[in-house]
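K.L.:
Here you go, one structure.
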Amino acid sequence: MSNAFTPPPMPGYGPQFPPPPPPPPRRSTTVLVAAAAAVVAAVLASAVTVTVTGDDGDGAAEAAPTVTVTETEFAGGTDAAAGTDTGDEPAAEETEDGAYTLSDTVVYDNEVEISLSKFSRSVSHDYASPENTPYVKFTIKVVNSSKTTFDATSMTVNCAYGDEGKEAEAIFDDGLDGTPDTSVLAGRSLSFAWGCELPKTARYLQVEVAPDYDSETSIFAGNVK
């Protein structure tokens, strides 16, 4: 056993250790939450701006397209929104199957123009053919815009009615002219009255007209009052 004496360290001598660093300052939880909310709001605002305005690559905002929807109805129909009568003449309306409306004017390759107007309902007399039959009467106008005489006797007119397209008989009665038996000089016009079978409960009417055997048949279609 050693009896050596170890003197205590003298002040200012021996290993020295630096004092511990002070604790980091505590950040306010409220400040952190507010900062995070501000970042999220900025991101969302940027996303919404891009979605609404768009960009075409040069920094210019693209205008959003405008779509307008208009509902119309043919010949003396009823306005679905206002519930009012639209009049005696057909209203212009585009069709998806390529047919013309009852108020359109068709110009054929031979420069003959044909249009329909003055639609009205009636019932044939008991001496008509066919008799006592509900029908629609309308005027067919032919305008010869060519430089030669047009033979109107070669015109053909056929009708159908209803959603299933049932063939309608031509009506021969007082006030109806039938197929013209004359010619139309260059620059002149001709109008004649035509009648097609149309039951009282039917509204949809289809009229097929060809000015001559060499021309394509045009289909006029729509509702009548």
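K.L.:
Out of segment 138-156, which residues are surrounded by fewer than 19 Cβ atoms within 10 Å (Cβ to Cβ) and within 15 Å of residue 209 (Cα to Cα)?
P.N.:
If the condition is that a residue be surrounded by fewer than 19 Cβ atoms within 10 Å (Cβ to Cβ) and within 15 Å of residue 209 (Cα to Cα), then 139, 141, 151, 153, 154, 156 are the ones that fit.
K.L.:
Looking at segment 99-129, which of the residues that are free of Cβ contacts under 8 Å to residues at least 24 places away in the same chain and assigned to a loop (DSSP other than H, G, I, E, B) is nearest to residue 187 (Cα to Cα)?
P.N.:
Looking at residues that are free of Cβ contacts under 8 Å to residues at least 24 places away in the same chain and assigned to a loop (DSSP other than H, G, I, E, B), I get 127.
K.L.:
Grab the strands (runs of 3 or more DSSP E) fully contained in segment 155-215, keeping just those with 3 or more residues being touching a Cys at 6+ places or on another chain (Cβ under 9 Å) and not small (Gly, Ala, Ser).
P.N.:
Where strands (runs of 3 or more DSSP E) fall fully within segment 155-215 and carry at least 3 residues being touching a Cys at 6+ places or on another chain (Cβ under 9 Å) and not small (Gly, Ala, Ser), they are 156-161, 189-197, 204-210.
K.L.:
Then there is this: For segment 119-135, which positions are hydroxyl-bearing (Ser, Thr, Tyr), surrounded by 14 or more Cβ atoms within 10 Å (Cβ to Cβ) and out of contact with any Lys or Arg (no Cβ under 7 Å at 6 or more places or on another chain)?
P.N.:
Residues satisfying the conditions are 124, 133, 135.
K.L.:
Filter segment 130-154 down to the residues that are assigned to a loop (DSSP other than H, G, I, E, B), at negative phi and not small (Gly, Ala, Ser) and list them by number.
P.N.:
If the condition is that a residue be assigned to a loop (DSSP other than H, G, I, E, B), at negative phi and not small (Gly, Ala, Ser), then 130, 131, 133, 147, 148, 149 are the ones that fit.
K.L.:
Further question on the same structure: Looking at residue 165 and the list (1) among the small types (Gly, Ala, Ser); (2) loosely packed, with under 13 Cβ neighbours inside 10 Å; (3) under 21 Å from residue 105 (Cβ atoms), which single condition is not satisfied?
P.N.:
In the conditions (1) among the small types (Gly, Ala, Ser); (2) loosely packed, with under 13 Cβ neighbours inside 10 Å; (3) under 21 Å from residue 105 (Cβ atoms), residue 165 misses (3) alone.
K.L.:
While we're looking at this one, here's another question. When you look at residue 201, is it in contact with an Asp or Glu (Cβ under 6 Å, 6 or more places away or on another chain) and either surrounded by 13 or more Cβ atoms within 10 Å (Cβ to Cβ) or farther than 16 Å from residue 124 by Cβ (or both), yes or no?
P.N.:
Judged against the criteria, residue 201 is not a match.
No lab work stands behind these numbers, since they all come straight from the coordinates. Note that the structure is predicted; figures quoted are calculated from it, not measured. Glycine also receives a Cβ, built like all others from the backbone with ideal geometry; neighbour counts cover every protein chain displayed.
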